[in-house]
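The values are calculated or read from the model by the stated rules, or taken from the named source; none is laboratory data. The model shown is predicted, which means the values in this text are computed figures rather than measured ones. Reconstructed Cβ throughout: ideal geometry from the backbone, glycine too, with neighbour counts over all protein chains shown.
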Ligand code: UDX
């Protein structure tokens, strides 16, 4: 099939590359000249495992092309995917302006029958609105062509996007008629070898299912974080409780890691959007509000734990931070808890030396605090630092030289927000170890670890502006 993808960002590029390798003829379109020039030379503008290789191979084979010209890109395409960003608008509602602009441009450009498929995360009703817009376009001198709109939300996760696309857990197809549904089913046939992954539905339900999924994922994370905080107050181990939860088939083993809270480009944005949409419809969505509230609090708990460790004073203190990306496997720092924490530490007067194996360029080009020092290696970040905070679960942070850390850190302690060192007796190696559910006062053998430092409570300490 001949396929055009409008928007060569994260979703668009992965979709284009993977559809090209499954035997289609794909053109990826983007208005950013620099990005398209780079892609034509095989440069993927972000870090995503496996993607470079697929882009390079499919480009060489001639199955994948790139252009900035919309008319040229969509020429005679059987299917046009819209994969444009839908960021949070000023009213909290998803901003679909670029999507609608693209629809208007296509209305003028298209002169052949085709199926337009919305991949972007959009409020329910958007596909219908787009269909209405296409239907209202003035007739072309050469006659009116048939354009229909379908919904096919994307569920891939950063860091595993290519694998997720190749072996999806499910493929959601929202279509308004049998013909469109058939076209999409044929397209996705190679990704559904056992015939169990295609879920067909109407347009609005398909659009909604993306929000529902992300809300449920966010709920799981906030729930496990809240349970970790309660476990800590009750002197129970959340890690052990997690083992029990994961063994229950009704709950399932994944997405139950307590930590600094969820970040990234999807979960926070989509939850906000769903809250806003619910409120417009008169639904209080109180649980969604709570999920967000718990998530925001989580990083403040880490901040307060470090603050407490320093007796409430950050002057002259240096904090090493390992990991800036919102999770391992990506260079994405959007809504990363690490940045919220770093901002608060710097505002409170601490020095921060951070290291991330992949996300450093993204940090340099973003508006992160100018006083943040980026270190060239994990070890370098710790030289002259008082404590270490591990924010991202990168493989290279899994087995550090603890003895070296104990002798290098000036006030040896690791705030292990990803629970990477669970089961290791760091105390025996001279390091205090703070883990999720053990942030305020770790008590190996029942003894409080915070010897010397006064045990202030989070409520007593006033958070800085950016973290309140
Ligand atoms: C998410 C959804 O998983 C994906 O289906 C959707 O298409 C886009 O949003 P992504 O943002 O790439 O994908 O990351 P994900 O792996 O879901 O993690 C989101 C956040 O939750 C990260 O900050 C991660 O560190 C955190 N997380 C995840 C936890 O804190 N604990 C967990 O157990 C799982």
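Tabulated results
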read-out	value
Residues being without any contact (Cβ under 8 Å) to a residue 60 or more places away in the chain, assigned to a strand (DSSP E or B) and touching a helix residue (DSSP H, G or I) at 6+ places or on another chain (Cβ under 7 Å) - total across region 91-115	0
Selection within region 178-231 - in a loop (DSSP other than H, G, I, E, B) and either more than 26 Å from the chain's Cα centre (by Cα) or away from the ligand (no atom under 16 Å from the Cβ) (or both)	192, 193, 194, 195, 196, 202
Among residues of region 326-349, those that are in contact with a helix residue (DSSP H, G or I) (Cβ under 8 Å, 6 or more places away or on another chain) and outside any helix (DSSP H, G or I), counted	7
Within region 243-264, tally of residues that are in a loop (DSSP other than H, G, I, E, B) and either outside the structural domain of residue 338 (by TED's automatic domain parsing) or more than 6 Å from the ligand (Cβ to nearest atom) (or both)	11
Unmet requirement for residue 358, which otherwise passes all of (1) surrounded by fewer than 21 Cβ atoms within 10 Å (Cβ to Cβ); (2) more than 16 Å from the ligand (Cβ to nearest atom); (3) under 22 Å from the mean Cα position of the chain (by Cα)	(2)
Residues of region 287-336 satisfying the condition of being away from the ligand (no atom under 16 Å from the Cβ) and under 17 Å from residue 393 (Cβ atoms)	320
Residue 143, sole failed condition from (1) surrounded by 22 or more Cβ atoms within 10 Å (Cβ to Cβ); (2) without any contact (Cβ under 8 Å) to a residue 12 or more places away in the chain	(1)
Test: residue in region 75-82 that is part of a loop (DSSP other than H, G, I, E, B), at pLDDT 95 or above, at negative phi and in contact with a helix residue (DSSP H, G or I) (Cβ under 8 Å, 6 or more places away or on another chain)	yes
Test: residue in region 130-147 that is within 16 Å of the ligand (Cβ to nearest atom), touching a helix residue (DSSP H, G or I) at 6+ places or on another chain (Cβ under 8 Å) and outside the structural domain of residue 276 (by TED's automatic domain parsing)	no
Matching entry among 184, 115, 217, 156 (being assigned by TED's automatic domain parsing to the domain that holds residue 295 and surrounded by 16 or more Cβ atoms within 10 Å (Cβ to Cβ))	217
Meets criteria (over 30 Å from residue 126 (Cα atoms), outside the structural domain of residue 93 (by TED's automatic domain parsing) and out of contact with any strand residue (DSSP E or B) (no Cβ under 6 Å at 6 or more places or on another chain)) for residue 240	yes
Among residues of region 159-177, those that are part of a loop (DSSP other than H, G, I, E, B) and either outside the structural domain of residue 127 (by TED's automatic domain parsing) or within 24 Å of residue 49 (Cβ to Cβ) (or both), counted	6
Residue tally, condition farther than 30 Å from residue 273 by Cβ and surrounded by fewer than 16 Cβ atoms within 10 Å (Cβ to Cβ), over region 76-104	1
Subset of region 409-432 that is free of Cβ contacts under 8 Å to residues at least 40 places away in the same chain and under 20 Å from residue 342 (Cβ atoms) - its residue that is surrounded by the fewest Cβ atoms within 10 Å (Cβ to Cβ)	420
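Results for (1) outside the structural domain of residue 315 (by TED's automatic domain parsing); (2) under 30 Å from residue 241 (Cβ atoms); (3) modelled with pLDDT of 95 or more, shown as yes or no for each residue.
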position: 382; (1), (2), (3): no, no, yes
position: 387; (1), (2), (3): no, yes, yes
position: 393; (1), (2), (3): no, yes, yes
position: 422; (1), (2), (3): no, yes, no
position: 443; (1), (2), (3): no, yes, no
position: 459; (1), (2), (3): no, yes, no
